[in-house]
Amino acid sequence: MVIHTRFAPSPTGRLHLGHAWSAILAHDFARERGGRFTLRIEDIDGTRSRPEHVAAILADLDWLGLGWDGEVVFQSQRLALYEAALDRLRGAGLLYPCFCTRADIAASLTAPHGPEGALYPGTCRALPPDPERLAREPHCWRLDTAAALAGLPERGAGLRWHDDAAGWVAADPMSHGDVVLARKDAPASYHLAVTIDDAAQGISHVVRGRDLFTATHVHRLLQALLDLPVPDYRHHALLTGPDGERLAKRHGAPTLEALRLAGQDGRALAESVRRGELPVGIGPAKA
Ligand code: GLU
């Protein structure tokens, strides 16, 4: 099997040490096995993605000595692919338009919670088709998760993925409810774009932070619905600050760009990270 990993940052800010850690893990996993390493810029969010963040990401990775293979892939140039998948799911009757605002959902006091906050209460699930409203009102498209599972062999009970740390994991997409696959403000959601791209690019091992572990429940369902191959997963521990919380700006950790512009040696920094020599108080989360 050809080993192929990727680093897939969203260009909505500058990278910090936590990103460097993730990029190094994905890069080294491939390189140690004679495999490929790809850089994918996840810029479907047109309002938050910025070209100057993209430029900094490319310069940061180069500075760290993390060379990637082939062209950089931009999700914003792959919208037709996502649209085709949405059409397929819509055609199978598995998507419905949702007109709810965040406030509507928050106001629904009975909404249970999933790994990513309040579960969508299903308000728009059974609305009769209304082409006029569709043309007039902003809406997203949601997956009818129960219907999607019902159409799979064993009602999806056999869906699982392999995680390097957790072993075989039974997929539990219902824990996410009816996820958004096309956003009001973007033609695809993270879940849809990432699943399609990992398959289209032939990613064999998805190396990413543990914060995305539960998202894999949804990705596994999408793979089944769209007949996509299932990669192996390595959800790595996140770097945390002195308070034990995920490393973030508020910890005062400098961005990679700041270190680079201050004349630090990026390759030496990457070597220290590999040896686990991190600034005082910063380290991989224990749990
Ligand atoms: N673009 C996502 C992020 O920056 C990561 C996607 C992934 O690795 O699956 O958090």
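The values are calculated or read from the model by the stated rules, or taken from the named source; none is laboratory data. These numbers come from a predicted model, not from an experiment. Ideal geometry is used to build each Cβ from the backbone, glycine not excepted, and the neighbour counts take in all protein chains shown. These accessible areas exclude ligands, DNA and RNA; they are computed on the full protein's heavy atoms, side chains included. Shrake-Rupley method; radii C 1.70, N 1.55, O 1.52, S 1.80 Å.
Give the long-range amide H neighbours of ARG6: residues separated by 5 or more places, or on another chain, with amide H under 5 Å away, using H modelled in the peptide plane at 1.01 Å from N.
THR38, VAL207
Could you work out the percent of alpha carbon pairs in segment 48-98 separated by over 16 Å, rounded to a whole number?
61 percent
Among ILE105, THR12, SER49, pick out the residue whose Cα is farthest towards the positive end of the charge dipole of segment 1-150, where Lys and Arg carry +1 and Asp and Glu carry -1 on C-beta, about the Cα centre.
ILE105
Given 20 °C and 1.002 mPa s, compute D for segment 85-169 with the Stokes-Einstein relation, Rh being the Kirkwood radius over Cα pairs; round to the nearest whole µm²/s. Don't jump to the answer; show the numbers that get you there.
Working: Rh = 15.2 Å.
Taking Rh from Cα pairs, D becomes 141 µm²/s.
Beyond 29 Å, what share of the Cα-Cα pairs of segment 70-227 is found? Please give it as a whole percent.
Considering segment 70-227, 18 percent of its Cα-Cα pairs are separated by more than 29 Å.
What is the chain's relative contact order, in percent, from Cα pairs under 8 angstrom and six or more apart in sequence?
Relative contact order, the chain: 22 percent.
Which of LEU225, LEU95, LEU134 ends up with the largest GNM mean-square fluctuation for the chain, with Cα atoms connected below 10 Å?
LEU134
Using only Cα atoms, find the angle between the long axis of helix 190-200 and the longest principal axis of the chain, and express it within 0 to 90 degrees, rounded to the nearest 10.
Relative to the chain, helix 190-200 is tipped by roughly 70 degrees.
Mind checking the angle between helix 51-64 and the chain's longest principal axis? C-alpha axes, 0 to 90 degrees, to the nearest 10.
Between helix and principal axis, roughly 40 degrees.
For segment 1-46, calculate the relative contact order in percent as a whole number, restricting contacts to Cα pairs under 8 Å that are 6 or more residues apart.
Relative CO of segment 1-46 lands at 59 percent.
What would the Debye equation give as log₁₀ I(q)/I(0) for the chain at q = 0.08, 0.11, 0.16 Å⁻¹, counting only Cα atoms as equal point scatterers?
-0.37, -0.70, -1.37
Suppose every Lys and Arg Cβ carries +1 and every Asp and Glu Cβ carries -1, with no other charges. What dipole size does segment 161-253 come out with about its Cα centre, to the nearest 20 debye?
320 debye
Given the whole protein assembly as supplied and a 1.4 Å probe, what does the accessible area of LYS184 come to in Å², nearest 10?
100 Å²
Can you tell me the 0 to 90 degree angle between the C-alpha axis of helix 17-31 and the longest principal axis of the chain, rounded to 10?
Rounded to the nearest ten degrees, it is 90.
What residue among THR123, THR240, THR145 has the largest mean-square fluctuation in a Gaussian network model of the chain, using Cα springs under 10 Å?
Maximum among the listed residues: THR123.
Which of the GluC sites (Glu not before Pro) found in segment 252-287 are loop residues per DSSP with 15 or fewer other Cβ atoms within 10 Å of their Cβ?
Values: sites: GLU257, GLU271, GLU277; in loops: GLU277.
Those that pass, being in a loop and sparsely packed, are GLU277.
Using Cα-Cα distances under 8 Å and only pairs 6 or more residues apart, what relative contact order does segment 144-287 have, in percent?
22 percent
Please identify, among LEU256, LEU212, LEU247, the residue showing maximal mean-square fluctuation in a Gaussian network model of the chain using a 10 angstrom Cα cutoff.
LEU212
Give the average over all directions of the projected area of the C-alpha convex hull of segment 1-101, one decimal, in nm².
Working: hull surface 35.6 nm².
Value for segment 1-101: 8.9 nm².
Hey, what do the phi angles of segment 148-157 turn into as Karplus ³J(HN,Hα) couplings, whole Hz, using 6.51/-1.76/1.60 and θ = phi - 60°, x for Gly and Pro?
Computed from phi, the couplings for segment 148-157 are 4, 5, 4, x, 9, x, 6, 6, x, 5 Hz.
Per DSSP helix of 4 or more residues, -39500 (n - 2.57); summed, then divided by the residues of the chain. What does that give at 222 nm, rounded to the nearest 500?
Values: 10 runs with 97 residues, N = 287.
Estimated from H runs of four or more residues: -10000 deg cm²/dmol.
Give the long-range amide H neighbours of HIS236: residues separated by 5 or more places, or on another chain, with amide H under 5 Å away, using H modelled in the peptide plane at 1.01 Å from N.
The list, which skips near neighbours in sequence, is ARG208, GLY209, ARG210.
Could you give me the ³J(HN,Hα) list for segment 7-15, computed from phi with Karplus coefficients 6.51, -1.76, 1.60 and θ = phi - 60°, whole Hz, x at Gly and Pro?
Working through the residues one at a time gives 10, 10, x, 9, x, 10, x, 7, 7 Hz.
Can you list, by residue number, the Cys in the chain that have no neighbouring cysteine C-beta under 4.7 Å?
Cys with no partner Cβ under 4.7 Å: CYS100, CYS140.
Along the charge dipole of the chain, pointing to its positive end and built from +1/-1 on Cβ of Lys, Arg, Asp and Glu, which listed residue (ALA186, MET174, GLY35) has its Cα farthest out?
MET174
What Kirkwood hydrodynamic radius do you get for segment 163-260 when you take the inverse of the mean 1/r over all pairs of distinct Cα atoms, in Å?
This gives a value of 15.4 Å.
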